[in-house]
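Visitor: One structure, as structure tokens, below. Some questions next.
The values are calculated or read from the model by the stated rules, or taken from the named source; none is laboratory data. Model, not experiment: these values are computed from the prediction. As a convention, Cβ positions derive from the backbone with ideal geometry for all residues, glycine included, and neighbour counts pool all protein chains shown. When the accessible area is computed, the model is the full protein with side chains, heavy atoms only, and any ligands, DNA or RNA have been set aside. Shrake-Rupley method; radii C 1.70, N 1.55, O 1.52, S 1.80 Å.
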Amino acid sequence: MKPKIDGTEFGSIVIDGDRIEHDVLIRLSGEVTKRKKKLSKAVYGTSHIVSLAEAEYIVEKGVERLIVGAGQSGMVRLSGEAADYLAKKGVAVDLAPTPEAIAHWNKAHGSVVGLFHVTC
């Protein structure tokens with residue numbers, strides 16, 4: 001079951017009433033896990049650029065849409081390689097500042113996963 005995101009403020013996100021103080025990945029199953037931002041940081045020295053390795057980790061069988069909460073001021077972006085990979089996999093990407101991305105997430109239907117950055 002897809003969890004509801006109740007809100008965000010700098011440094012945290014509230015999902016189904018639980019305050020989480022780190023970036024999260026929400027799987028098709030509804031499972032909420034800690035984002036593996038080391039996959040991107042190892043390549044770019046920052047977690048503000050989603051690497052190919054992280055995109056490969058995010059995509060699971062059946063995903064049609066990825067909603068990316070790009071941080072409170074929208075600092076996160078996809079690398080060219082990640083964007084190409086997602087396009088080849090047929091995954092539509094909706095990237096917006098985290099507060100806006102939460103609204104998209106809560107209205108979304110179908111095979112959707114979410115990646116939410118909770119700081120910048």
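Visitor: At a 1.4 Å probe, what is the % contribution of carbon and sulfur to the accessible area of region 1-107? Intermediate values should be presented prior to the final figure.
Guide: Working: 3010 of 5730 Å².
Roughly 53 percent, rounded to a whole number.
Visitor: Would you mind checking the pairs 4/41; 37/107; 36/89; 4/36 and listing those with alpha carbons more than 23 angstrom apart? Each step should come with its number before you reach the end.
Guide: Working: 4/41 28 Å; 37/107 26 Å; 36/89 20 Å; 4/36 21 Å.
Going by Cα-Cα distance, 4/41; 37/107 fall outside the 23 Å limit.
Visitor: To the nearest 500 deg cm²/dmol, what mean residue ellipticity at 222 nm is calculated for the chain from DSSP H runs of n ≥ 4 alone, each contributing -39,500 (n - 2.57), summed and divided by the residues?
Guide: Values: 4 runs with 33 residues, N = 120.
Helix-only estimate at 222 nm: -7500 deg cm²/dmol.
Visitor: Another question about this same structure. Kindly report the accessible area of the chain per residue (heavy atoms of protein chains, probe 1.4 Å, no ligands, DNA or RNA), in Å². All intermediate terms of the calculation are to be shown ahead of the outcome.
Guide: Numbers: 6120 Å² over 120 residues.
Heavy-atom SASA per residue in the chain reads 51 Å².
Visitor: Now, a different point. Return the whole-Å distance between the Cα centroid of region 47-67 and the Cα centroid of region 81-103.
Guide: Result: 8 Å between the Cα centres.
Visitor: Using all C-alpha to C-alpha distances in region 44-110, build P(r) with 5 Å bins and read off the rounded percent in each one.
Guide: 4, 18, 27, 25, 20, 6, 1
Visitor: Counting other Cβ atoms within 10 Å, which GluC sites (Glu not before Pro) in region 24-120 have at most 15 and lie in a DSSP loop? Write out the running numbers ahead of the final one.
Guide: Values: sites: 31, 54, 56, 60, 64, 81, 100; in loops: 31, 60, 64.
Passing sites in region 24-120 are 31, 60, 64.
Visitor: Any of 61/88; 2/61; 38/88 with alpha carbons more than 21 Å apart? Name them for me.
Guide: Values: 61/88 13 Å; 2/61 16 Å; 38/88 24 Å.
38/88, as the Cα separations exceed 21 Å there.
Visitor: Something else now. Compute the FRET efficiency between residue 73 and residue 109 as 1/(1 + (r/R0)^6), taking r as their Cβ-Cβ distance and R0 = 25 Å, and round to the nearest 0.05. Mind showing how you got there, number by number?
Guide: Values: r = 28 Å, r/R0 = 1.12.
The calculated FRET efficiency here is 0.35.
Visitor: Something else about it: Please report Rg over Rh for the chain, where both radii come from the alpha carbon positions and Rh follows the Kirkwood definition. Walk me through the numbers on the way to the answer.
Guide: Numbers: Rg = 12.8 Å, Rh = 13.9 Å.
Radius of gyration over Kirkwood radius for the chain works out to 0.92.
Visitor: Related question: Under a no-solvent Debye model with one identical scatterer per Cα of region 14-58, what's log10 I(q)/I(0) at q = 0.33 Å⁻¹?
Guide: With one equal scatterer per Cα and no solvent, log10 I(q)/I(0) is -1.16.
Visitor: Return one quarter of the surface area of the convex hull spanned by the alpha-carbon atoms of region 71-120, equal to its mean projected area, in nm².
Guide: Working: hull surface 14.1 nm².
Mean projected area for region 71-120: 3.5 nm², to one decimal.
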